[in-house]
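Student: Before we start, here is the structure in question, set down as structure tokens.
The values are calculated or read from the model by the stated rules, or taken from the named source; none is laboratory data. Predicted model, so just to flag it, every value in this text is computed and none were measured. Neighbour counts are summed over all protein chains in view; Cβ atoms, including those assigned to glycine, are modelled from backbone coordinates with ideal geometry.
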Amino acid sequence: MILSSAVVAAATLAEGDGPNSSLNPYMVGGLVLAALLVLLFITMLLNRDR
């Protein structure tokens, strides 16, 4: 029973009718890229080995 409901939920999300279907993939990708660049900058600031 649980497995079949999980399959139905996955199929619904794959079709784009889920709760997150309004998210813009370019905006999400841009935000993730910005977050990774900030983490990279912080890592470079804390790396005082040289």
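Student: Among the numbered criteria (1) outside any helix (DSSP H, G or I); (2) at pLDDT below 75, which single criterion is violated by residue 49?
Tutor: If we test residue 49 against (1) outside any helix (DSSP H, G or I); (2) at pLDDT below 75, just (2) comes out false.
Student: Please work out which one of (1) in a loop (DSSP other than H, G, I, E, B); (2) surrounded by 10 or more Cβ atoms within 10 Å (Cβ to Cβ); (3) at pLDDT 75 or above is the condition residue 31 fails and give its number.
Tutor: Every condition holds for residue 31 apart from (1).
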